[in-house]
Amino acid sequence: MTNPDSLSDSALSPDALSVARGITRLFARNDIWCLSEMPLRNGRRADLMGIDAKGQVIIVEIKVAKADLMGDGKWTDYLDHCDRFFWGLASHLDRACMESEAFRPADCGLIVADGYDAEILRAAPLRPLAAARRKVEVERLARAALRRSAIAQDPRIGQWGGGS
């Protein structure tokens, strides 16, 4: 039985999984803990969503192909759900476009990663969520993490419902 809440069974491509792993390692060293494929209340799904040691919510949108990066018109939908937003790019991608106004460099950080590690090339500026919104997002993230942990221990628990 596959586990829809595990990283290996996620909708991310193998290349994106590799980038996610590198970013997750970077974040872990910096006391930021995240989940992959986190559903948002607006119907979008964040590739990585996490919380840092200060309780700030972080979202990373991962891109491994130029066409996908250039054609992404939905990424601004994530900004209302986080204090900091990063683009997470595969190391082979040309990053020149990330400085264009279409990618709002003043509002977004930039991480380059491979399957082993990652590097923050541009810090994500703090765009503080309202306290009530942050509480909702942190609680949703915590519940999703607890659900995934419980299902990892006993996959049959997942059949009893409850969403992310």
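None of the figures in this text is laboratory data; all of them are computed from the coordinates on show. Since this is a predicted model, take the numbers as computed values, not measurements. Every residue, glycine among them, receives a Cβ derived from its backbone with ideal geometry; neighbour counts consider all protein chains shown.
For this structure, a couple of remarks:
- Helix 131-153 and the longest principal axis of the C-alpha atoms of the chain enclose an angle of approximately 60°.
- Out of every Cα-Cα pair that region 19-59 contains, those further apart than 11 angstrom amount to 62 percent.
- Straight-line reach from LYS135: taking Cα to Cα under 27 Å and skipping same-chain neighbours fewer than 8 places apart, the lysines in range are LYS54, LYS74.
- Extreme residue, positive dipole direction of region 120-164, given options VAL138, ALA123, ALA152 (C-beta unit charges): ALA123
- Annotation: peptides 140-153, 36-49, ranked by per-residue average of other Cβ atoms within 10 Å with the highest first, follow the order 36-49, 140-153.
- Counting only aspartates and glutamates at least 8 places from LYS63 when in the same chain, those with an alpha carbon closer than 14 Å to its own are ASP15, GLU37, ASP47, ASP72, ASP94, ASP114.
- Over all Cα atoms in the chain, the spread is summed up by Rg and Dmax: 15.4, 47 Å.
- Cβ charges +1 (Lys, Arg) and -1 (Asp, Glu), total dipole of region 7-154, debye: 520
- In region 58-130, the ratio of gyration radius to Kirkwood radius, Rg to Rh, stands at 0.94 when only Cα atoms are counted.
- Angle in degrees between helix 14-29 and the longest Cα principal axis of the chain, rounded to the nearest 10: 90
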